[in-house]
Amino acid sequence: MQGFNKYYPPDFDPDKHGSLNSYRGKHALGDRARKLDQGILITRFELPFNIWCGHCEAHIGMGVRYNAEKRKVGSYYSTPIYAFRCKCHLCGGWFEIQTDPKSTRYVVTEGARQKQEDWDPEENGGFAVHDTDKAATPTDPLAALEKTTSAQTHMTQVQMPRIEELQSFSEQRSADPYTLSVKVRKRFREQKKVDRALQRADEELKGRYGLPESMSLVRDDEESRKAAKEEWERARRQEELRDKESLKKRRIGAAVGTMPVSLASKSRISKQHSSSSSPVISSLRARILENTARHSSLKPHR
Ligand SMILES: [Zn+2]
């Protein structure tokens, strides 16, 4: 038995013995530590529920205390699981109860049966609490097989061809980078020449007609030419119509005698002049109209 008093014998040397327990060759926990070398500590354990002994079939009530051999049998995450091995006080048979950290309970593992007296909410008109994790896993083996086969089919028929497709595409793209680079650069050089020429032509046109630098011109192709020509012809027809009408009015005016003769003759002269205008003036007018059409057509520049 460990020393309980504070008597230090005359031959006690603190440097040599350290403590009274080591002086006597005893553990601080005394006899309860006698199986510590096997990892067992003897503790007082009180039954947390009613049990039936598996050896003598006697009923043992909750709260009966035993000198149980406590040992660590495993761990749930970082929480140790302890087993308490007790000897039945009626027959001497051993039974074992373990802690269950997952469900914060005690469970009888061997040598006895627990009397089930837990509160059952369903039995008492409440709702049961179900483990949702269990429902997620398919318990039907055929369903599980079905799942694996459909997953396999999906892999072989959809995923694998797609991956192969991507692989071959990648190989095509990265097989010969030099050739591809040469192709791209050649094309870029050609395009650059064309772009420069177009830019020069535009700048020259803007300089000739004093157009603002920021004005963007549409590309000089068949379509824009045709559109410009149509616009010009339409404008010319309108002008001719206007001229004719004004001439008619003047004639009527002249016939009535309200209009001075000189003005009428003048307008006739100018009319004659405009109809028989030189090709240089008409071409200039066409050009200006064309440019106006280009500007007003609001086409994005190249
Ligand atoms: Zn028993």
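The values are calculated or read from the model by the stated rules, or taken from the named source; none is laboratory data. Everything numeric in this text was worked out from a predicted model, so none of it was measured. Here the Cβ positions follow ideal geometry from the backbone for every residue, glycine too, while neighbour counts run over all protein chains shown. Areas reflect the complete protein model, heavy atoms only, side chains present, ligands, DNA and RNA absent. Shrake-Rupley method; radii C 1.70, N 1.55, O 1.52, S 1.80 Å.
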Check your understanding: Is there a residue in the range 10-18 that is more than 16 Å from the ligand (Cβ to nearest atom), open to solvent by less than 30 Å² (accessible area, probe 1.4 Å) and either more than 14 Å from CYS86 (Cβ to Cβ) or of a type in the set (D, E, K, R) (or both)?
Key -> no
Check your understanding: For the range 139-172, how many residues are open to solvent by less than 90 Å² (accessible area, probe 1.4 Å), among the charged types (D, E, K, R) and under 25 Å from the mean Cα position of the chain (by Cα)?
Key -> 0
Study note, to complete from the structure: Of ALA175, ALA228, ALA197, the only residue that is of a type in the set (Gly, Ala, Ser), in contact with a helix residue (DSSP H, G or I) (Cβ under 6 Å, 6 or more places away or on another chain) and either exposed (fewer than 12 other Cβ atoms within 10 Å of the Cβ) or in the same structural domain as GLU290 (by TED's automatic domain parsing) (or both) is ALA228
Review point. Looking at the range 86-104, which of its residues are in a strand (DSSP E or B) and touching a residue at least 40 places away in the same chain (Cβ under 8 Å)?
Key: CYS86, PHE95, ILE97
Check your understanding: Pick from LYS102, LYS87: which is among the charged types (D, E, K, R), more than 16 Å from the ligand (Cβ to nearest atom) and in contact with a strand residue (DSSP E or B) (Cβ under 6 Å, 6 or more places away or on another chain)?
Key -> LYS102
**Study point:** Scan of the range 53-84 for residues that are within 15 Å of the ligand (Cβ to nearest atom), closer than 26 Å to ASP31 by Cα and small (Gly, Ala, Ser), ordered by number
**Key:** ALA68
Point to revise | Criterion violated by TYR23 - all others in (1) modelled with pLDDT of 95 or more; (2) closer than 30 Å to ASN5 by Cα; (3) more than 16 Å from the ligand (Cβ to nearest atom) satisfied | key: (1)
